[in-house]
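Engineer: The structure under discussion is supplied below as structure tokens; questions concerning it will follow.
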Protein chains: 2
Amino acid sequence: MAPMNKLRLGVLGSGTGSNLQAIFDAISMQRLSAVVACVISDVPDAYILERARSHRAPAFHIDPAPFKTKLEGEAEQRVIETLRKHKVDTVVLAGFMRIVKPGLLRAFPGRVLNIHPALLPSFPGLRAWEQALEYGVKVTGCTVHFVDEGTDTGPIIVQRPAPVLPGDTPETLHARIQEQEYLAYPEALQLLAAECLQVEGRRVELL
Amino acid sequence: MAPMNKLRLGVLGSGTGSNLQAIFDAISMQRLSAVVACVISDVPDAYILERARSHRAPAFHIDPAPFKTKLEGEAEQRVIETLRKHKVDTVVLAGFMRIVKPGLLRAFPGRVLNIHPALLPSFPGLRAWEQALEYGVKVTGCTVHFVDEGTDTGPIIVQRPAPVLPGDTPETLHARIQEQEYLAYPEALQLLAAECLQVEGRRVELL
């Protein structure tokens, strides 16, 4: 086993940052060898920024204008500079509602992670729990993966299943998937910290 | 709860019939209210026929000629006649390596079931466990579904997950999925026997 590195995480999010909370919890319970070096949001009043500050992590709003759905151009440059300034080695997308472009991926090659609320390759894209419910699956879950230039197509690090139960609404199913996300993201990051992952093509092998 | 029906199963298979064994076991342990009314194979020396006879179930080889990959024409007619002669109400595809055509589906509307060795809609088609391993998923499983005119597209009754583990080969992964199949197929059939299923579009609701 390689010596344990402490990851320096840069967390990007647009919402409440509940996955960031799971990461803080895992760090404080010593289940994850990492420090949250900075948190960046494209939404000025996103709760993820307040959550970061309450844990004494540097938190920044970066205005994504003029783009509505992606992170590109000057905003992308400012994100990269902020991550570098805080010596981030691993970029964690946690409810970041923008498409990440090649500029960020090239700045942190093989070190950008995302979590998706379905068992990929089923139900890529938006509102995956609603897609699952409409399709009528009985098992769904979540996927932590490396980000590549496709949408939800990168090599998979961890997946955890969640059942669809009778009477589920989009809200109840989403909540059940999120419980698994809060386990899966720290688990995947700890595998990275422990240098247990080897990417071969689109497969991630555990060493 | 409606009174319990005893299903009359017609099982179609091309191989060893290990899912048929799981059905026999579930019946004998009173976890499944059903009788195996007949077993039909397109392969003359398939072990599923011997397994059926050793459990005193009527077993038939029906020559699928001239078709190589589907069940159609005269062979399809003989299968339908054999199922009807044995008063089958539910057709169970258990490792049946032929495409079922509309003739059989119309003869048993809403009563033809299949099991697929992946969590559909991921990895439809042949050798799904190999597809899963190549894609690099960390969770796969099995799906019991009603058969419609697509390939592995019908409404889903039961799914059960199975993990992909480090060092898995196609064989070890397939064996782990099959363990879940042996639970899933009797479970799905018992839901049908207990009249607990209601199909709405492509969703199967549990009553």
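Engineer: I want to confirm something. Restricting to segment A:107-130 and keeping residues that are within 12 Å of residue A:177 (Cβ to Cβ) and not small (Gly, Ala, Ser), which single residue is most open to solvent (accessible area, probe 1.4 Å)?
Structural biologist: A:127
Engineer: Has segment A:44-55 got at least one residue that is touching a strand residue (DSSP E or B) at 6+ places or on another chain (Cβ under 6 Å), modelled with pLDDT of 95 or more and surrounded by fewer than 20 Cβ atoms within 10 Å (Cβ to Cβ)?
Structural biologist: There is at least one residue in segment A:44-55 that is touching a strand residue (DSSP E or B) at 6+ places or on another chain (Cβ under 6 Å), modelled with pLDDT of 95 or more and surrounded by fewer than 20 Cβ atoms within 10 Å (Cβ to Cβ).
Engineer: Taking the criterion of being in contact (Cβ under 8 Å) with a residue 12 or more places away in the chain, within 19 Å of residue A:157 (Cα to Cα) and touching a His at 6+ places or on another chain (Cβ under 9 Å), would at least one residue in segment B:144-152 satisfy it?
Structural biologist: Checked segment B:144-152: no residue is in contact (Cβ under 8 Å) with a residue 12 or more places away in the chain, within 19 Å of residue A:157 (Cα to Cα) and touching a His at 6+ places or on another chain (Cβ under 9 Å).
One line per residue, one yes/no per condition, for (1) of a type in the set (A, V, I, L, M); (2) touching a Ser or Thr at 6+ places or on another chain (Cβ under 9 Å):
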residue: B:8; (1), (2): no, yes
residue: B:25; (1), (2): no, no
residue: B:33; (1), (2): no, no
residue: B:36; (1), (2): yes, no
residue: B:39; (1), (2): yes, no
residue: B:57; (1), (2): yes, no
residue: B:60; (1), (2): no, yes
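Engineer: Of the residues A:154, A:136, A:201, which single one is open to solvent by less than 30 Å² (accessible area, probe 1.4 Å) and at positive phi?
Structural biologist: Answer to the check: A:136.
Engineer: Filter segment B:122-135 for residues that are assigned to a loop (DSSP other than H, G, I, E, B), free of Cβ contacts under 8 Å to residues at least 12 places away in the same chain and either of a type in the set (Val, Ile, Thr) or at the interface with chain A (Cβ under 9 Å from one of its Cβ atoms) (or both) and give the result.
Structural biologist: Selection gives nothing.
Engineer: Ok, one more. Just to verify a result, which residue in segment A:137-169, among those that are among the hydrophobic types (A, V, I, L, M, F, W, C) and part of a loop (DSSP other than H, G, I, E, B), is farthest from the other protein chains (Cβ to nearest Cβ)?
Structural biologist: Filtering first and then ranking leaves A:147.
Engineer: Hey, could you check segment B:170-191 for residues that are open to solvent by less than 20 Å² (accessible area, probe 1.4 Å) and of a type in the set (A, V, I, L, M) and say which is farthest from the other protein chains (Cβ to nearest Cβ)?
Structural biologist: Going through the qualifying residues, I end up with B:189.
Engineer: Also, quick follow-up: Does residue B:202 satisfy the condition of being within 13 Å of chain A (Cβ to nearest Cβ), among the charged types (D, E, K, R) and touching a Cys at 6+ places or on another chain (Cβ under 9 Å)?
Structural biologist: no
Engineer: If you don't mind, another one. Scan (1) within 14 Å of another protein chain (Cβ to nearest Cβ); (2) surrounded by fewer than 18 Cβ atoms within 10 Å (Cβ to Cβ) for the single condition residue B:81 breaks and write down its number.
Structural biologist: (1)
The values are calculated or read from the model by the stated rules, or taken from the named source; none is laboratory data. Predicted, not measured: the structure shown is a model, and the values here were computed from it. All Cβ positions, glycine included, derive from the backbone under ideal geometry; neighbour counts span all protein chains shown. Heads up: the accessible areas ignore ligands, DNA and RNA and are worked out on the full protein's heavy atoms, side chains in. Shrake-Rupley method; radii C 1.70, N 1.55, O 1.52, S 1.80 Å.
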